[in-house]
1. Residue by residue through the range 1-19, note down the ones that are more than 17 Å from L183 (Cβ to Cβ), part of a helix (DSSP H, G or I) and hydrophobic (A, V, I, L, M, F, W, C).
2. Select from the range 62-106 the residues that are surrounded by fewer than 16 Cβ atoms within 10 Å (Cβ to Cβ) and among the aromatic types (F, W, Y) and write down the one among them that is farthest from K128 (Cα to Cα).
3. Filter the range 188-200 for residues that are buried (at least 21 other Cβ atoms within 10 Å of the Cβ) and of a type outside the set (F, W, Y); which is nearest to R83 (Cα to Cα)?
4. Could you tell me which of the residues F143, F173 is aromatic (F, W, Y), more than 17 Å from S15 (Cβ to Cβ) and at pLDDT 95 or above?
5. Quick check, is R171 in contact (Cβ under 8 Å) with a residue 60 or more places away in the chain, among the basic types (K, R), within 23 Å of Y19 (Cβ to Cβ) and in a helix (DSSP H, G or I)?
6. Could you please give the count of residues in the range 169-187 that are closer than 17 Å to G56 by Cβ and surrounded by fewer than 24 Cβ atoms within 10 Å (Cβ to Cβ)?
7. Need at least 3 residues that are within 30 Å of L20 (Cβ to Cβ) and touching a residue at least 40 places away in the same chain (Cβ under 8 Å) per element, so show me which helices (runs of 4 or more DSSP H) inside the range 56-137 make the cut, counting only ones lying wholly within it.
Amino acid sequence: MEKLFRKTVIAAGISGVGYLLLFFFFDKPVDLWVHHTCVNTEIFRLAASISCMAKGVYVMLAIAVCFIMIIAIDPDLKKEKTRNLLYVCVSCSIAIIIGEGLKFLLARARPIMLFEHNLYGLTFFSSKWALNSTPSGHTFRAFSILTALSLLYRRGTVVFIAAAILMGASRVFVTAHYPSDILFGAFIGIFTAAWVYRYFSIRADK
């Protein structure tokens, strides 16, 4: 527990510094460059296709179906596969709660607000889509699910994390988010999955 807590604190510090550096020095030029060079290109269309895989409504529907299946097929969680599925669902669900709460709290203007209204930064407390850029929802959903899978199936770690990174990058290439939003979302997804895994491990040992 102490080791994971220490890792979380260190990662939070590094992510926080990285977020601030990106926010003040790199986010605007990166997204302006993408907007001027990649929109309506093959890269943009490919990124849009990748992004669809972690769309909120699809992920939440999948989680709901999985919960129903668990209750219907193995409510006592006797099978390892059922427990693993529950772990992945819980990890993503908690990441969504944390991430969506922070989106509302911080209310950072999305890149489209920069392109169309020259608005950049945090406005705080808003549920409007255009003011919910940070953290990236697609990213924390992808990282929570794929980090959970990497902890369950260690041999696939490189593939799972590479897929999560690709999902995060796609959000920048469709100009829906800034790089710092992706970093923030990745941190939430990774450590939500790690802490829930720790909880499930402790429960299994009892």
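The values are calculated or read from the model by the stated rules, or taken from the named source; none is laboratory data. Predicted model only: the values in this text are computed from it and were never measured. All Cβ positions, even for glycine, are placed from backbone atoms using ideal geometry, and neighbour counts span all protein chains on display.
1. Listed by number, the residues that qualify are L4, F5.
2. Filtering first and then ranking leaves F67.
3. V196
4. The match here is F173.
5. Yes.
6. 2
7. Correct list: 80-106, 111-117.
This table checks each residue for (1) among the hydrophobic types (A, V, I, L, M, F, W, C); (2) more than 23 Å from T41 (Cα to Cα); (3) touching a Leu at 6+ places or on another chain (Cβ under 6 Å).
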site: G121; (1), (2), (3): no, yes, no
site: S136; (1), (2), (3): no, no, no
site: T139; (1), (2), (3): no, no, no
site: R154; (1), (2), (3): no, yes, no
site: T157; (1), (2), (3): no, yes, no
site: R171; (1), (2), (3): no, no, no
site: Y178; (1), (2), (3): no, no, no
site: A193; (1), (2), (3): yes, yes, no
site: Y199; (1), (2), (3): no, yes, no
